[in-house]
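Okay, structure first, notes after.
Each reported figure results from applying straightforward, stated rules to the coordinates on display, with no laboratory input. The structure displayed is predicted, hence computed values, not measured ones. Heads up, the Cβs are rebuilt from the backbone with ideal geometry, glycines too, and the neighbour counts pull from every protein chain shown.
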Amino acid sequence: MTQSDSRNFIVADDHPLFREALIHAIHNCVPGAVIHEADSLASLYEVVEANSDADLLFLDLHMPGVSGFSALAYMRNNHESLPTVVVSAVDDPAVIRRAIQHGASGFIPKSSPIRTIEAAIDAILQGEVWLPDNIDLGAGGLDNEEARIAAAMSALTPHQFRVLMMLGEGLLNKQIAYQLGVSEATIKAHVTAILRKMQVTNRTQAVLAVQRLNTKEPGLVE
């Protein structure tokens, strides 16, 4: 097992029991590790900004405020020095391949035994890309549109990205403004900037762009 005196890890998952299991596995691999937790997109921003030099981010694909590969693509484009491993209940080979192509350093299914999770953590900390057995990374790739959307998202500010995710949930400007505690005019300004940066002309197209990064096959809506 890897030895360390003060390595930092971020565990972003909204399920307390799985966070606890993952933290236990990290401590078994790295005695004395410092763990920072997040359970939503909002708390993930705060934790990453405060700990951008962390050794590894464990990221669930589905948390309050975000779903699919959007957060992974955003984090990899804006925090390139922070290795990110996906932990997910979805273990479809196509999803695993897309996660790696979006920049993940590994993919750990939540159904994995604790020993497998520990082996994955060790391998990733040694610079390997860890995957479940029998995953063929050459079996398919991101299509051009999904890659373009992921790259466009990297140009968004954290506030704009959060607003885009809320648009994807079907919220109106006034609902987003209420939840974020800002004026509706501020949200309208964010939406205008989002449309420009995402190279779309209306909210519907922006929502469809978000859906392209869901965890089903590109183009399908969850």
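Values as computed for the structure displayed
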| read-out | value |
| --- | --- |
| Filter pass, Ala123 being in contact (Cβ under 8 Å) with a residue 40 or more places away in the chain, under 21 Å from Arg97 (Cβ atoms) and touching a Phe, Trp or Tyr at 6+ places or on another chain (Cβ under 8 Å) | no |
| Index of the failed condition, Arg162 passing every other in (1) without any contact (Cβ under 8 Å) to a residue 40 or more places away in the chain; (2) buried (at least 19 other Cβ atoms within 10 Å of the Cβ); (3) within 18 Å of Tyr45 (Cα to Cα); (4) not small (Gly, Ala, Ser) | (1) |
| Given (1) within 26 Å of Glu80 (Cβ to Cβ); (2) surrounded by fewer than 20 Cβ atoms within 10 Å (Cβ to Cβ), index of the condition Leu172 fails | (1) |
| Residue within region 88-110 that is closer than 22 Å to Glu145 by Cβ, touching a Gly at 6+ places or on another chain (Cβ under 7 Å) and free of Cβ contacts under 8 Å to residues at least 60 places away in the same chain present | yes |
